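The values are calculated or read from the model by the stated rules, or taken from the named source; none is laboratory data. Owing to the predicted nature of the structure, the values given are computational and were not obtained by experimental measurement. Neighbour counts run over all protein chains shown; Cβ positions are idealised from the backbone, glycine included. Keep in mind that these areas ignore ligands, DNA and RNA; they rest on the heavy atoms of the full protein, side chains included. Shrake-Rupley method; radii C 1.70, N 1.55, O 1.52, S 1.80 Å.
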Amino acid sequence: MTVTGGIALLVDDHELFRIALSTILISRMGYRHVIGVGSVEEAMQALDRHPEIGLVTLDLCMPGFEDLGVFSVIRKAYPQAVLVAVSGSATYREAVACVDAGAYAFIPKALSADEISAALQRILAGEAYVPVPDPARVTMYMEDGWKRPIPGGTKVQRLELLTARQAEVYKLLVLGLSNKEIARMLDLSSNTVKVHAFAICRMLGVHDRRELVQVSA
């Protein structure tokens, strides 16, 4: 997906990252204009001035960012914008919490330019995105850092690594409920359920919900 003529807002107090991401958006994805600001206050002002902004990336560590509630505020006030959380240090649980709070997706700054570009393409195409590596490569995103090697383990051992919310979603997924049904039952957005479902499938080494139900039978 190419966003020809689109406008993006990058909210990050690290200028070099803003420049790098701006280059990706303009040269690879067809954005005609990218606005860069260094605080949440400046971001709100920019959104007021440019209601046509279609993409907002928001760093978790910068002036004015006090808690994840800012995602909910921005999403409700500017529903036209795809809101993406970014960070160089967040854990997997924190990344999922961003989505629970209103972000559409999460991108770690440690990704390469190609990986960030590919992630944004998927996000703008409507996919939920919180990166979780393939369990076959014995790497998981864990609480004590973005990546931590662990043994592959059995299905039961992997299930024990699910967050409390993921465990709730998992139980409903294996019952065959749809994302919308799960979202209503757990008071979540459908996008959040997609993120949890994706993480659960990757955790258990399956490709989709159908395989998840089969291995859980």
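Before moving on, here are some points about what is shown:
- Qualifying residues in region 113-157 (those that are surrounded by 18 or more Cβ atoms within 10 Å (Cβ to Cβ) and of a type outside the set (A, V, I, L, M)) - the one modelled with the highest pLDDT: TYR129
- Residue count for region 26-39, restricted to those that are open to solvent by 80 Å² or more (accessible area, probe 1.4 Å) and within 20 Å of ALA103 (Cβ to Cβ): 0
- Scanning region 49-71 finds one or more residues that are closer than 19 Å to ASP114 by Cβ and within 15 Å of the chain's Cα centre (by Cα).
- Top-ranked residue of region 3-25 - restricted to ones that are over 22 Å from GLY88 (Cα atoms) and out of contact with any helix residue (DSSP H, G or I) (no Cβ under 6 Å at 6 or more places or on another chain), ranked as most open to solvent (accessible area, probe 1.4 Å): THR4
- Note on region 162-217: residues that are free of Cβ contacts under 8 Å to residues at least 24 places away in the same chain, among the hydrophobic types (A, V, I, L, M, F, W, C) and assigned to a helix (DSSP H, G or I) amount to 8.
- Conditions (1) modelled with pLDDT of 85 or more; (2) among the small types (Gly, Ala, Ser); (3) farther than 25 Å from LEU188 by Cα; number of the one not met by GLY64: (1)
- Residue within region 169-192 that is in contact with a strand residue (DSSP E or B) (Cβ under 7 Å, 6 or more places away or on another chain) and either at pLDDT 75 or above or more than 30 Å from TYR31 (Cβ to Cβ) (or both) present: no
- Among (1) in contact with a strand residue (DSSP E or B) (Cβ under 9 Å, 6 or more places away or on another chain); (2) open to solvent by 70 Å² or more (accessible area, probe 1.4 Å); (3) within 23 Å of GLU127 (Cα to Cα), the one test that GLU42 misses: (3)
- Listing of strands (runs of 3 or more DSSP E) fully contained in region 20-135 that carry 2 or more residues being touching a Gly at 6+ places or on another chain (Cβ under 7 Å): 82-87
- Remark: pairs (first residue in region 17-44, free of Cβ contacts under 8 Å to residues at least 60 places away in the same chain and among the hydroxyl-bearing types (Ser, Thr, Tyr); second residue open to solvent by 20 Å² or more (accessible area, probe 1.4 Å) and not in a loop (DSSP other than H, G, I, E, B); Cβ separation under 7 Å; 6+ apart in sequence or on different chains) = SER22/VAL34; SER22/GLY36.
- Scanning region 60-80 for residues that are closer than 15 Å to THR192 by Cβ and crowded, with 17+ Cβ neighbours inside 10 Å yields a count of 3.
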